[in-house]
Amino acid sequence: MAMTNDYEAPVLAADQMMEGDARDFFALLKPRVMSLVVFTALVGLLMAPGEIHPFIGFIAVLAIAVGAGASGALNMWYDADIDILMGRTAKRPVPSGRITPDATLAFGLFLSVFSVAVLGLTVNWLSAGLLAFTIFFYAVIYTMWLKRSTPHNIVIGGAAGAFPPIIGWACVTNSISLESIALFAIIFLWTPAHFWALALFKAEDYGRAGVPMLPNVSGERATKKQIVLYAVLTAVSGVVPTLMGFAGIACGIVAAVLGIGFIRSSWRVFKMPDGDEKMIPAKKLFGYSLLYLFGVFTALLVDALVQKFFGVMV
Amino acid sequence: MEHVELSEQQKKARRSRSVAIAVVLACLAVMFYVVTIIKVGPGIFDRPM
C-alpha cells in the first residue's frame with residue numbers, strides 16, 4: 001500500500017503562487033458529501049435516547065461535518081493523479097492547479113486533528129474516536145488501498161459514509177447500540193447500488209483512470225445483478241428501524257414505498273440492454289438513490305422530532 | 001533579495017483566503033466562549049480569586 005501521492009504538481013515559480021481562493025478550499029471538503037453527512041449525523045443525534053444541549057449538538061454535527069470534509073481533502077490530495085483523467089473530477093482544485101498538493105495535505109490533516117479534538121473536548125471521546133476512525137477509514141483504507149485494488153472498493157469503503165449516524169448517536173449516549181447500527185446499515189447497503197449506477201455510465205472515465213470499478217472488471221451484466229441485490233437489501237434495511245421499534249409506522253411506510261421504488265428503478269437498470277450508450281435507467285437510478293436516502297432519513301428525522309416534542313411515534 | 005510579485009488574480013485569491021480565515025477564527029472564539037459557559041456554567045464567574 002503506497003502511502004504517497006503520485007501526482008506531480010507543476011513546479012511553481014516565484015510568479016506562479018497559488019490562485020485558489022476560499023471557495024476552492026471549501027470545495028476540497030466535498031460540500032455535497034458533507035451535506036449528506038450533516039443530515040445523517042443529525043438524524044442519529046436526534047433519534048438517540050437522552051438529552052444533549054442544542055448548542056453542543058450543533059458543535060457535534062459541525063465537527064462531524066468538518067471531519068468528513070477533512071477526509072474529502074485527503075482523498076483529493078491522494079487522488080489528484082487520477083482525478084485529472086476523469087471529466088467528473090478534472091476541475092477539482094488540485095488537478096486544475098489552483099491549490100497545491102502540499103497545501104491540500106496540510107489542510108486535510110489539520111482539519112482532521114482539529115475536528116476530532118473539538119468533538120472529544122466538547123462532547124465525548126467515544127464519538128471523537130469514531131470520527132477519527134471514519135477519517136482513517138476513508139482516507140487510508142478506502143482511498144489509498146481499496147479504491148485502486150479491488151472492484152469491491154465501494155462496498156467496503158461505503159462504511160466510511162455510513163458512520164455519521166453512529167457518531168451522532170454516540171454523541172448523545174456515549175455508546176454504540178443496535179439501533180445506531182441499523183441506521184449505519186441503511187447507508188452501508190445503499191452505497192453499492194448508488195455508486196455502481198454511476199460507475200455504469202462513467203465506466204469509460206474509470207477505465208481511463210485505471211480504477212477497477214465493478215462494471216470495468218466484471219462487466220455490465222454482473223454489475224446490474226449486484227445493483228438489484230443491494231437495492232433489495234437497502235429496501236429491507238430501510239424498514240428495520242420500524243421493525244426494531246425505534247421508529248414509527250408512518251416512517252416504515254415511507255421507507256417501504258421508497259424502497260419499492262428503489263427496487264423498481266434497479267430492475268429497470270437490470271433490463272437495460274448491455275452496451276446501451278445513453279444509460280438513461282442507470283442515470284435515473286443514480287438520481288433516485290439520492291432521493292431514497294434523503295427521503296428515508298427525512299422520515300426518520302420527522303419521526304425523531306415528533307417523538308422528542310410530542311412523545312409519540314408517527 | 002528576490003521579491004515575489006503577485007498578479008491581481010493571486011492578490012484577490014489571497015484576500016479571499018485571509019477574509020475566510022478571519023471569519024472562521026472569529027466564529028471559533030465565539031463558539032469556544034459559549035461552550036465554556038455551557039460546560040462550566042455561570043458559576044465560572046463566581047470562583048474565588
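So which of A:Leu119, A:Leu109, A:Leu146 ends up being touching a residue at least 12 places away in the same chain (Cβ under 8 Å) and crowded, with 17+ Cβ neighbours inside 10 Å?
Residue meeting the stated conditions: A:Leu119.
Hey, among A:Thr104, A:Thr100, which residue is open to solvent by less than 30 Å² (accessible area, probe 1.4 Å), farther than 22 Å from A:Ser177 by Cβ and of a type in the set (Val, Ile, Thr)?
None of the other options fit; the residue is A:Thr104.
Can you tell me which residue among A:Ser265, A:Ser218 is among the hydroxyl-bearing types (Ser, Thr, Tyr), open to solvent by 20 Å² or more (accessible area, probe 1.4 Å), over 19 Å from A:Ala182 (Cα atoms) and not assigned by TED's automatic domain parsing to the domain that holds A:Phe39? Show your work before the answer.
Numbers: A:Ser265 fails: open to solvent by 20 Å² or more (accessible area, probe 1.4 Å).
Exactly one residue qualifies, and that residue is A:Ser218.
Taking A:Leu200 as the residue in question, decide whether it is open to solvent by less than 40 Å² (accessible area, probe 1.4 Å), in contact (Cβ under 8 Å) with a residue 24 or more places away in the chain, farther than 28 Å from A:Ala117 by Cβ and not β-branched (Val, Ile, Thr).
yes
Would you mind stating whether A:Asp24 is open to solvent by 40 Å² or more (accessible area, probe 1.4 Å) and either farther than 23 Å from A:Phe163 by Cβ or in a helix (DSSP H, G or I) (or both)?
No: the conditions fail for A:Asp24.
Sort through A:Gly252, A:Gly295, A:Gly245, A:Gly238 and tell me the only one that's of a type outside the set (Ser, Thr, Tyr), at positive phi and either assigned to a helix (DSSP H, G or I) or not assigned by TED's automatic domain parsing to the domain that holds A:Val37 (or both).
The unique qualifying residue is A:Gly245.
When the range A:265-308 is examined, which residues are found to be over 23 Å from A:Ala203 (Cβ atoms) and basic (Lys, Arg)?
A:Lys308
Sort through A:Gly275, A:Gly311 and tell me the only one that's out of contact with any helix residue (DSSP H, G or I) (no Cβ under 7 Å at 6 or more places or on another chain), open to solvent by 40 Å² or more (accessible area, probe 1.4 Å) and more than 27 Å from A:Lys225 (Cβ to Cβ).
Testing whether each residue is out of contact with any helix residue (DSSP H, G or I) (no Cβ under 7 Å at 6 or more places or on another chain), open to solvent by 40 Å² or more (accessible area, probe 1.4 Å) and more than 27 Å from A:Lys225 (Cβ to Cβ) leaves just A:Gly311.
Output the residues belonging to the range B:1-20 that are part of a loop (DSSP other than H, G, I, E, B) and of a type in the set (A, V, I, L, M).
B:Met1, B:Val4, B:Leu6
Out of all the residues in the range A:87-103, is one or more within 14 Å of chain B (Cβ to nearest Cβ) and among the acidic types (Asp, Glu)?
No; the residues of the range A:87-103 include none that is within 14 Å of chain B (Cβ to nearest Cβ) and among the acidic types (Asp, Glu).
So, in the range B:4-49, of the ones that are more than 8 Å from every other protein chain (Cβ to nearest Cβ) and more than 28 Å from A:Ala117 (Cβ to Cβ), which residue ends up modelled with the highest pLDDT?
B:Arg15
Identify, from the list A:Arg98, A:Arg88, A:Arg92, the residue that is closer than 24 Å to B:Ile21 by Cβ, under 21 Å from the mean Cα position of the chain (by Cα) and among the charged types (D, E, K, R).
Being closer than 24 Å to B:Ile21 by Cβ, under 21 Å from the mean Cα position of the chain (by Cα) and among the charged types (D, E, K, R) holds for just one of A:Arg98, A:Arg88, A:Arg92, which is A:Arg92.
The values are calculated or read from the model by the stated rules, or taken from the named source; none is laboratory data. Everything numeric in this text was worked out from a predicted model, so none of it was measured. Counting neighbours? That spans all protein chains shown, and the Cβs are built from the backbone with ideal geometry, glycine included. These area figures cover heavy atoms from the full protein model, side chains too; ligands, DNA and RNA do not enter into them. Shrake-Rupley method; radii C 1.70, N 1.55, O 1.52, S 1.80 Å.
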